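Some notes on the structure that comes next.
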Amino acid sequence: MAGLLGRLVSRRITTAVNLSAAEGPSATAGHAGGMDLWRKLSFFVAIPAVLLCAVHTYLRDQAHPHEPPEFVPYEHLRKREKRFPWGDGTKTLFHNPHTNPLPDGYESHH
């Protein structure tokens, strides 16, 4: 059974290779309509959909401000074996005071 399946697959592969080689460079000439369809779908469906999702996400985020979760000083988190080489040495390189607590808690909101 496996031998029959292997011969069938190899026959289909060689037939497909022979057909594509026989058609030559003019084989892609009939696909221009498909390219136009995908270009139109991209410009008139995909890009407006992405923009609509971005606006929806922004407006939803503005309507519901979120507070950071309660700080729990776990011993295994936010370890500082040595100081960072930038700033005051306690904040990570991409520190965000609203979402990233320091080892002793969140920064006070001014």
What is the distance, in nm, between label points placed 7 Å from the Cα along the Cα-to-Cβ direction at D88 and at D61?
2.6 nm
So the FRET efficiency between F71 and A49, C-beta based with R0 = 30 Å and rounded to 0.05, is 0.20
Residue-wise HN-Hα coupling along region 31-44, computed from phi with Karplus coefficients 6.51, -1.76, 1.60 (Hz; x: Gly, Pro)
9, 5, x, x, 5, 5, 4, 5, 5, 5, 4, 5, 6, 9
Run the dipole for region 40-110 about the Cα centre, Lys and Arg Cβ at +1, Asp and Glu Cβ at -1, nothing else charged, and hand back the magnitude in debye, nearest 20.
360 debye
Take peptides 90-102, 65-77 and line them up by average Cβ neighbours within 10 Å, highest first, as a rough protection proxy.
90-102, 65-77
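Read-outs: derived from the displayed coordinates by stated rules, not from any lab. Everything numeric in this text was worked out from a predicted model, so none of it was measured. For neighbour counting, all protein chains shown are included, and Cβ atoms are generated from backbone atoms with ideal geometry for every residue, glycine included.
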